[in-house]
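The values are calculated or read from the model by the stated rules, or taken from the named source; none is laboratory data. It should be emphasised that the depicted structure is a prediction, and the values quoted were computed from it without experimental measurement. Cβ atoms come from the backbone with ideal geometry, glycine included; neighbour counts cover every protein chain shown.
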Amino acid sequence: MGGFWSEQSIDVYKSIIDYNTDAIFILSAEGKVMDVNLGVTKTFGYLKEEILGMPYEKFILPAQIDEVNQYFDKVLQGIPCEFKTEAVDKHGRLVYVQVKNVPLLTGEEVVGVFGVAIDITEQLRLEKALMESEERYRKLLEVLPEGILVCEEGEIVYANSSAGEYAGNGDLIGKSISSLIHPDDRERLEQLAAGTKKDQGPSYVELRMNRNDGTTTYVDLGTVSVTQGDTPVILAMIRDITAQRLVVDALKESEERYRLLAENSLDLIQLVNLDGIVTFASPSHKMVLGYGPQEYIGKWVFYRPDKGDDPEFQLIFFDMVVSQKPFTYEIVRRHKEGHQVWVELKGSPMFDEEGHFKNMMLVGREITERKKYQGQLEHLSFKDTLTGVPNRRHFSAAIERILKSGEPPAGNLAVMFLDLDKFKRINDTWGHDTGDELLRQFAIRIKQCIKNNDILARIGGDEFVVVLPDLESVEQAVTCAEEILHALRQPWNILGHEFVTTSSIGIAFYEPGDREKELIHKADTALYLAKSQGKNTYRVYA
């Protein structure tokens, strides 16, 4: 045996080194490559004959050279070193290596360095990918609305922000789950934990959770056993079901009281089962709609005694059934006596004590008067508060309505833009009260000169527009303008002040493709021309 090693040891060692997959090298005391194995070719891409005699710095990233030199100097002092660095292969690609260097001795003299470089590029890439993946999942857990807990040997080692909120913003790390649970529910938690540890798959239970402020939250707790590294842990998910539980409990504990309340309520109340059949209708249906509750009970929820149809309501109702989320919707129904009744309808899914979807409740409140008031406000929003004539908003809507109803032939629609000549002087001389009253009387005189289907609107200050939608000829618009000018030349008696004023008018006729903007621009241009030519006249845009 000893003879074998004495004769063949050099060849054996050389084979071990040459065919090692790691990069093995020998450096001189000056840092030049003296010998390498095949692993160097695999790692750095150089052939053995290319690399011999090269300084080791050629393989090191410039930013790392000073640090690597320090390690090299330590080895020359007889101190083995191990470090990680960034190297560069023959083609300029980065190679991350873990290097182990030991001194090469002749007697007690260090004559060089023996080193092994292990390529850890792929290892670092995988570690980075793992870290990025863990960070993504960590961020995802932090934004989930459900509370997430990770427990190891009964102790919480991770809790997301939602779990902290469920507990009242307390610090949960280091606590046990049982400390968060109502004492009366801890036995059920222990049963859940026992089943989870037996790896029976995900388990769920409804529990009461204690908050730091002393209140109690109903939660749906689900647990599953997983392995984190080599350590078995329990992953728990918490979902707040307090709202639905309170509704269920309230219905369960006070069903009779609720029925009495429903039967005496002015609101319309219906209960609808999962088949869409009305199982309860409050007596208030008779007072609000004229139909008694018996007209609805036992019938399809979309049945209407007034024979009406509401496809949009049907879509909203079906969406509630599918999503199990409440809705609010305004509907109009016809009273048995024929008049319309507006109702604000709220639909809510209802659940049993296990949290299963049970039925639907519809509650409707009559809002007919409110809708009338809203209509009045809408009407007022289209009126000029000073003169009582339509405002700019009304004018814009009217023009759009006329143009959308069908493009009129050229010349059959005209817009007149007019204002009071020297209105500012009147305001400055006799005050704003006189000016305001003059604008009111100004509007009255114009209205007396136009037809019922013509539109007069005040668009600001002393500026008014008149829309003539049904002209038979251009001359009709000109005649109307002359009548208006004549009426406005007559003396005024405003708040005891007698004076005469005039007006200027610009007329624009509709041309194919015109919209409100073009018509106003044309009429305004014609008005400017009328004023520049002496006022108290009209001009037609050409």
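Screening Ser323 against (1) closer than 30 Å to Leu468 by Cβ; (2) hydroxyl-bearing (Ser, Thr, Tyr); (3) without any contact (Cβ under 8 Å) to a residue 24 or more places away in the chain leaves a single unmet condition, (1). Residues in the stretch 489-527 that are surrounded by fewer than 14 Cβ atoms within 10 Å (Cβ to Cβ) and either in contact with a Gly (Cβ under 7 Å, 6 or more places away or on another chain) or hydrophobic (A, V, I, L, M, F, W, C) (or both) were compared, and the one that is farthest from Ile455 (Cα to Cα) is Leu495.
Could you say whether any residue in the stretch 398-411 is modelled with pLDDT of 90 or more, over 30 Å from Val332 (Cα atoms) and more than 37 Å from the chain's Cα centre (by Cα)? No, that holds for no residue. Each residue in the stretch 73-95 was checked for being under 22 Å from Glu50 (Cβ atoms) and surrounded by fewer than 18 Cβ atoms within 10 Å (Cβ to Cβ), and 8 pass. The condition of being in a helix (DSSP H, G or I) and surrounded by 12 or more Cβ atoms within 10 Å (Cβ to Cβ) holds for Ile65. Using the structure shown, decide if Gln448 is surrounded by fewer than 18 Cβ atoms within 10 Å (Cβ to Cβ) and touching a strand residue (DSSP E or B) at 6+ places or on another chain (Cβ under 9 Å). The answer is no for Gln448. Among the candidates Phe83, Phe114, Phe72, the residue that is in a strand (DSSP E or B) and under 14 Å from Leu27 (Cβ atoms) is uniquely Phe114.
Which ones in the stretch 280-315 are of a type in the set (A, V, I, L, M) and either assigned to a loop (DSSP other than H, G, I, E, B) or surrounded by 16 or more Cβ atoms within 10 Å (Cβ to Cβ) (or both)?
Once the filter is applied, which keeps residues that are of a type in the set (A, V, I, L, M) and either assigned to a loop (DSSP other than H, G, I, E, B) or surrounded by 16 or more Cβ atoms within 10 Å (Cβ to Cβ) (or both), the stretch 280-315 yields Ala281, Val288, Leu289, Ile297, Val301.
Scanning the stretch 425-454 for residues that are part of a loop (DSSP other than H, G, I, E, B) and under 16 Å from Cys480 (Cβ atoms) gives Gln448, Cys449, Ile450, Lys451, Asn452, Asn453, Asp454. Within the stretch 80-91, does at least one residue satisfy the condition of being modelled with pLDDT of 90 or more and of a type in the set (Gly, Ala, Ser)? Among the residues of the stretch 80-91, at least one is modelled with pLDDT of 90 or more and of a type in the set (Gly, Ala, Ser), which makes the answer yes. All told, Val99 meets the bar of being closer than 20 Å to Arg125 by Cα, outside any helix (DSSP H, G or I) and touching a Cys at 6+ places or on another chain (Cβ under 9 Å).
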